[in-house]
Amino acid sequence: MNQKQVPFINKSEMIKWLDEARQADHSRINEILDKAEAFAGLTHKEVAVLLTMDSSEHEARLFEVARKIKEHIYGQRIVMFAPLYVSDYCINNCSYCGYQHNHEFKRRILTQDEVRLETEAIIDIGHKRIALEAGEDDEKASLDYILETLKTIYATKSGNGEIRRVNVNIAATTVDNYRRLKGAGIGTYILFQESYDPDVYAKYHKSGPKSDYYWHSMAFDRAQQAGIDDVGGGVLFGLGDPLFEVLGLMLHQEYLEANYGVGFHTISVPRIRPARGSNNKYPYAPNDELFRRLVAIIRLAVPYTGIIISTRESAAMRKELIDCGITQLSADSAVGVGGYRVNKMKKEAAEVQFSRCDERSTSQVIDWMLDEDLIPSYCTACYRKCRTGDRFMQLAKSGQIKYVCQPNALATLAEYLLDYGDKQLQNKGFELIDREIASIEREDIREIARKTQAEIKQGKRDIFL
């Protein structure tokens, strides 16, 4: 492993900060919770105090503040997306992953015609946003292949639907390659650190380019230098001490803000799941109670950053995590190459990267969300109006973002109901839409939302502020 020092990670210092944080008294904890409740965010040392506190009284308030932040900034909106796995060829040996190089199975990479068919299948279940996923193999799945795949996805239409934004989760690469991704019109560039602990990282990444801790950890610097100002981070909870990992996330967030003026656009919180070839024994895997706390603490620390949960978690846990601060979730996910058409045609299952827990269809998830008074949002307007990076954060922190996001979310929900919903779902959904429009504070935005709804019912699509 490359021993070059990652500038924002010092393991001994981080352990010391966590030890010192355990000494914080009740007044200090209350002070930190007061700061978070004012939507001011938290420093890494303040996060360390919340990570190590041991008080049921403060824990109850932690969840209360997390819920308040989410409802104040994001309302009831939950952004929806689907992953699209295009290649399971990989030259890395990440021992927790079903795609690791030393596994013997029939690997595949989608042809562009297959990409089109998979995209159509995703569109036909209502999605507008994709997270593009591929193993690392520059020969089998080069950047040229990824760029061609992006063109195919964006060019694919089915009925009234299309994919309006593709976020990309591929291996760390060079500044030049990030420039090419930027030119292809990607949304957020996503890369999971997996573990911020350099020793844990080395344990689970024995060989392949990803084993270079420094190269992987500094990928967002190269992306920012290439003009990609929306980046999404995350760790795989279960590999190392989860308290250390959250502290690492916060240090990375502060580093990006200090050096590029904006931190993470999103943070993903995947929890370890069984995978083919893994021993599936992870002593650091957080239980449900701790996991909820970690998500709530992240919400307090970065109030304006989206937090993503996948189908790794059960339906019940995803409901609890939304209350803790989750703002984006996947639905009806196929986590294997070619998986959407496999599901549609009921053929033999594709090889998967990990097992999933939430098996509900998109329509079932939407129906459940409407019952919970949540607003499923397929909006991609900010990317297309160039509200990214610090421009998005300035709008979010001003409190004005809700006047853009609310009518846009309701517009995409109306599209979903009319194009993919049955009569019962439509009735339920439009009742919620009418209530939400009536609750919009500004009269001008209320009228825009009503006009947009009328135009969508008349057959117009893709109307956004």
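The values are calculated or read from the model by the stated rules, or taken from the named source; none is laboratory data. Not measured: the values here are computed from a predicted model. Every residue, glycine among them, receives a Cβ derived from its backbone with ideal geometry; neighbour counts consider all protein chains shown.
What the table below lists for this structure:
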quantity: Which numbered condition GLU257 fails, given (1) under 25 Å from VAL49 (Cα atoms); (2) surrounded by 20 or more Cβ atoms within 10 Å (Cβ to Cβ); (3) acidic (Asp, Glu); calculated: (2)
quantity: Residue that is closer than 23 Å to TYR99 by Cβ and touching a residue at least 12 places away in the same chain (Cβ under 8 Å), where the choices are ILE170, ILE163, ILE123; calculated: ILE170
quantity: Pairs where the first residue, in the range 272-293, is closer than 12 Å to PRO242 by Cβ and the second is polar (S, T, N, Q), C-beta under 9 Å, 6+ apart; calculated: ILE272/SER278; ILE272/ASN280
quantity: Qualifying residue in the range 299-314 (condition: modelled with pLDDT of 95 or more, charged (D, E, K, R) and assigned by TED's automatic domain parsing to the domain that holds GLY126); calculated: yes
quantity: Breaking point among (1) closer than 24 Å to ILE123 by Cβ; (2) more than 20 Å from the chain's Cα centre (by Cα), for TYR189; calculated: (2)
quantity: Cross-chain or 6+ apart pairs with Cβ under 6 Å, the range 188-217 first and in the same structural domain as THR173 (by TED's automatic domain parsing), then of a type in the set (A, V, I, L, M) and part of a strand (DSSP E or B); calculated: TYR189/VAL168; TYR189/VAL231; GLN193/VAL235
quantity: Residue match in the range 336-345 (condition: more than 20 Å from the chain's Cα centre (by Cα), among the charged types (D, E, K, R) and within 21 Å of HIS127 (Cβ to Cβ)); calculated: yes
quantity: Output for the range 417-465, where each listed residue is polar (S, T, N, Q) and surrounded by 17 or more Cβ atoms within 10 Å (Cβ to Cβ); calculated: THR452, GLN453
quantity: Test: residue in the range 13-34 that is among the acidic types (Asp, Glu) and under 25 Å from the mean Cα position of the chain (by Cα); calculated: no
quantity: Within the range 237-254, considering residues that are of a type in the set (Gly, Ala, Ser) and farther than 17 Å from ALA296 by Cα, the one surrounded by the fewest Cβ atoms within 10 Å (Cβ to Cβ); calculated: GLY238
quantity: Considering residues of the range 61-88 that are of a type in the set (D, E, K, R) and assigned to a helix (DSSP H, G or I) only, the residue farthest from LYS16 (Cα to Cα); calculated: GLU71
quantity: Count of the range 266-295 residues which are assigned to a helix (DSSP H, G or I) and of a type outside the set (Phe, Trp, Tyr); calculated: 7
quantity: Which listed residue is modelled with pLDDT of 95 or more, outside the structural domain of THR266 (by TED's automatic domain parsing) and more than 24 Å from the chain's Cα centre (by Cα), from ASP371, ASP367, ASP434; calculated: ASP434
quantity: Condition met for GLU245 (touching a Gly at 6+ places or on another chain (Cβ under 8 Å) and among the charged types (D, E, K, R)); calculated: no
quantity: Checklist (1) in contact with a Pro (Cβ under 7 Å, 6 or more places away or on another chain); (2) surrounded by fewer than 19 Cβ atoms within 10 Å (Cβ to Cβ); (3) within 21 Å of GLN76 (Cβ to Cβ) applied to LYS319, failing item; calculated: (1)
quantity: All positions within the range 303-326 that are farther than 24 Å from VAL262 by Cα and assigned to a helix (DSSP H, G or I); calculated: ALA315, ALA316, MET317, ARG318, LYS319, GLU320, LEU321, ILE322, ASP323
quantity: Counted residues, the range 3-60 - those being surrounded by 14 or more Cβ atoms within 10 Å (Cβ to Cβ), assigned to a helix (DSSP H, G or I) and hydroxyl-bearing (Ser, Thr, Tyr); calculated: 1
quantity: Filter result (touching a helix residue (DSSP H, G or I) at 6+ places or on another chain (Cβ under 8 Å), surrounded by fewer than 22 Cβ atoms within 10 Å (Cβ to Cβ) and part of a helix (DSSP H, G or I)) within the range 217-232; calculated: ASP221, ARG222, GLN224, GLN225
quantity: Yes/no for ALA171 being buried (at least 20 other Cβ atoms within 10 Å of the Cβ), at pLDDT 95 or above and either within 20 Å of the chain's Cα centre (by Cα) or within 18 Å of ASP124 (Cβ to Cβ) (or both); calculated: yes
quantity: Count of residues meeting criterion [touching a Cys at 6+ places or on another chain (Cβ under 9 Å) and not hydroxyl-bearing (Ser, Thr, Tyr)] in the range 63-102; calculated: 11
quantity: VAL115 vs. criteria closer than 24 Å to GLY263 by Cβ, hydrophobic (A, V, I, L, M, F, W, C) and in the same structural domain as ASP230 (by TED's automatic domain parsing); calculated: no
